[in-house]
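Note sheet for the following structure.
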Protein chains: 2
Amino acid sequence: MTYCLAIAVDAGLVFVSDSRTNAGVDQVSTYSKMHVFSRPRDRQFVILGAGNLATTQSVISQIQRGLKSGKDHSLWQVEDLHEAADYVGSLSRTEQDKHGGGSTFEASFIVGGQIGEQAPSICLVYPAGNHISPPAKTPYLQIGESKYGKPILDRIIRADSTLETSALCALVSMDSTMRSNLTVGPPIEVLVYERDSHSLERRYSFDENSEYLRQINEAWDANLQEAFGRLPPIQLSGDHL
Amino acid sequence: MTYCLAIAVDAGLVFVSDSRTNAGVDQVSTYSKMHVFSRPRDRQFVILGAGNLATTQSVISQIQRGLKSGKDHSLWQVEDLHEAADYVGSLSRTEQDKHGGGSTFEASFIVGGQIGEQAPSICLVYPAGNHISPPAKTPYLQIGESKYGKPILDRIIRADSTLETSALCALVSMDSTMRSNLTVGPPIEVLVYERDSHSLERRYSFDENSEYLRQINEAWDANLQEAFGRLPPIQLSGDHL
């Protein structure tokens, strides 16, 4: 499995992805699930992929081919993020159908970035090829093993969260997911995009020996235990059935 | 959907279940998902059910009928918890097959309790009718919407946790699930079984206006925000790609 998420706050965007891929227990590998496409000072895209590896790899390589060929329909030609998401969705859908369709070949994507002076944004592209923007109150999107890491995002992320808070919260969400699900694992990739910077250079990778990931893991574990310890003691006498 | 969990610590057992049932958005109701069967001073069972409501209701009413008829095969006759789980599994499987099988009619159960002087224990009965005990290191079992509330259980519950800690942690796990998933909701039922007490009387129900549930929700929210705020600040400079 996979866990990828993107957060869209006023200050910009944060993308985080794990790198574990498995096709059966004997075929566990690491693949980057974060793909960047940048035309300096003009348009920036980050695409995260989850699901069938052959489908996601094919979609990414078709996007690259589209950019090289300068076709009508490529990330350099789309008018806005929605059109970019439509484009990724249609490539994905076509690729799945080519192999007979069905849930085996399904893939989901998060497409985010900024085009010119438009606001930065993120979209979730479903296996069917259609897409959604995040809700205003919880401005993040997830693909893959999304449930374990959702509660902390719901509690912390707001539109006015800083990029630093958002990136830290995304790493905590990833940490909770890795702890509860073995099919999600490092290296963990993080990309922080500052609004209007038109630069994708703040990209980082933490492997399984990362001292910083270990620090987050230990500090969060200790802080959570303490937070739990400071809850009001249980009062089970009141509402006896 | 549903979220039910059971915890088996040295001191005894804790069971927690939500009560929301939906069969389409127009048919949201509340049903208790916690069923108790007690033969004083001899054997105690708690059964939690998730999945197709017709299947779970049928299984419970067949268990009740079995107890009344005094048949060979009923909860009063089984030798141990595993046999009880097998019995529930076979009733569930038969009921599903009666309606053609398939995922629509599937149901899962947690069967827990204590028989005589045997150690109290819990089992998870899969839709196929087979069952498992919990792992020694993480002595809890979940059915239904289990992922949102798993990380906190993994961090807190150990075999030597007290019944109070276990019940509080189960309520926090339920709170995280309700916050992230609308199909899980109150009343929340809690049953605390003290080892060798052979009493199922410590049973409590918290409805949506429960002051105690609100307190847990607010305290946990505040404590989590604080725990997050005390994490080491993000250091993204080190591992630049």
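The values are calculated or read from the model by the stated rules, or taken from the named source; none is laboratory data. Keep in mind the model is a prediction, meaning the values are calculated, not measured. Virtual Cβ from ideal backbone geometry, glycine too; neighbours counted across all protein chains shown. When the accessible area is computed, the model is the full protein with side chains, heavy atoms only, and any ligands, DNA or RNA have been set aside. Shrake-Rupley method; radii C 1.70, N 1.55, O 1.52, S 1.80 Å.
Here is how the numbers come out for the structure above:
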| item | result |
| --- | --- |
| Residue count for the range B:47-89, restricted to those that are closer than 15 Å to B:His131 by Cβ and in contact with a Gly (Cβ under 6 Å, 6 or more places away or on another chain) | 2 |
| Complete set of residues in the range B:48-70 that are assigned to a helix (DSSP H, G or I), crowded, with 24+ Cβ neighbours inside 10 Å and among the aliphatic types (A, V, I, L, M) | B:Val59 |
| Some residue of the range A:85-106 being under 30 Å from B:Met174 (Cα atoms) and open to solvent by less than 30 Å² (accessible area, probe 1.4 Å) | no |
| Residue under evaluation A:Trp220, criteria (1) facing chain B (nearest Cβ under 8 Å); (2) part of a helix (DSSP H, G or I); (3) out of contact with any helix residue (DSSP H, G or I) (no Cβ under 8 Å at 6 or more places or on another chain), criterion not met | (3) |
| A:Glu226 charged (D, E, K, R), under 19 Å from B:Leu236 (Cα atoms) and touching a helix residue (DSSP H, G or I) at 6+ places or on another chain (Cβ under 9 Å) | no |
| Any hit, the range A:9-22, residues being without any contact (Cβ under 8 Å) to a residue 60 or more places away in the chain, farther than 27 Å from A:Asp154 by Cα, in contact with a strand residue (DSSP E or B) (Cβ under 9 Å, 6 or more places away or on another chain) and surrounded by fewer than 19 Cβ atoms within 10 Å (Cβ to Cβ) | no |
| Counted residues, the range A:23-32 - those being among the small types (Gly, Ala, Ser) and in contact (Cβ under 8 Å) with a residue 60 or more places away in the chain | 1 |
| Check on A:Phe45, open to solvent by 20 Å² or more (accessible area, probe 1.4 Å) and in contact with a helix residue (DSSP H, G or I) (Cβ under 7 Å, 6 or more places away or on another chain) | no |
| Exclusive hit being closer than 25 Å to A:Ser197 by Cα, open to solvent by less than 60 Å² (accessible area, probe 1.4 Å) and part of a loop (DSSP other than H, G, I, E, B), set A:Ser38, A:Ser32 | A:Ser32 |
| Sole exception among (1) under 19 Å from the mean Cα position of the chain (by Cα); (2) over 23 Å from A:Arg203 (Cβ atoms); (3) of a type in the set (Val, Ile, Thr) for A:Val28, by number | (1) |
| Yes/no for A:Leu231 being at the interface with chain B (Cβ under 9 Å from one of its Cβ atoms), in a loop (DSSP other than H, G, I, E, B), at pLDDT below 90 and open to solvent by less than 60 Å² (accessible area, probe 1.4 Å) | no |
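So that you can scan it fast, the table gives a plain yes or no per residue for (1) under 13 Å from the mean Cα position of the chain (by Cα); (2) without any contact (Cβ under 8 Å) to a residue 40 or more places away in the chain:
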{"position": "B:Cys123", "(1), (2)": "yes, no"}
{"position": "B:Pro134", "(1), (2)": "yes, no"}
{"position": "B:Ile156", "(1), (2)": "no, yes"}
{"position": "B:Leu163", "(1), (2)": "no, no"}
